[in-house]
1. Which of the GluC sites (Glu not before Pro) found in segment 1-46 are in a DSSP loop and have at most 16 neighbouring Cβ atoms, other than their own, within 10 Å?
2. For segment 1-41, what is the accessible area per residue in Å², given a 1.4 Å probe and the full set of protein chains?
3. Within a Cβ distance under 14 Å of residue 25, other residues only, what is the Lys/Arg minus Asp/Glu net charge?
4. Mind giving me the FRET efficiency for residue 1 and residue 72? R0 is 30 Å, r the Cβ-Cβ distance, nearest 0.05 is fine.
Amino acid sequence: MSKELFEVMKQADALTPDEQLRLIAHLTQKLRNCEIKRKPRRKVSEFAGIAPNLLGGMDAQEYVTRMRRGEFPDLEIAEKQLRKEE
């Protein structure tokens, strides 16, 4: 939540119920004129095979620990190359 939103919500809490209803009506009217785009939902099945055998049977925690130690420099190089291509 942004700092600005938090402040507005705090200010709205200090309003009377009638003022809060007026604020809701104002925001509702304003939003009727806006087009809200939703992020497309993704299916878990879409991610199948993205990184096949990445861990090579290794425990996930062990993999992360070793990765942080820099024991997989070839993976880091490949990751950096992918970032450059994007």
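The values are calculated or read from the model by the stated rules, or taken from the named source; none is laboratory data. Computed from a predicted model, the values in this text were never measured in an experiment. Please note: Cβ atoms are built from the backbone with ideal geometry, for glycine as well, and neighbour counts cover all protein chains shown. Just the protein is used for accessible areas: all its heavy atoms, side chains included, with ligands, DNA and RNA removed. Shrake-Rupley method; radii C 1.70, N 1.55, O 1.52, S 1.80 Å.
1. On the way: sites: 4, 7, 19, 35, 46; in loops: 35.
For GluC sites (Glu not before Pro) across segment 1-46 that sit outside H, G, I, E and B with at most 16 neighbouring Cβ atoms in 10 Å, the list reads 35.
2. Ligands and nucleic acids excluded, the result is 108 Å² per residue.
3. That works out to +1.
4. Values: r = 37 Å, r/R0 = 1.23.
After rounding to 0.05, the efficiency reads 0.20.
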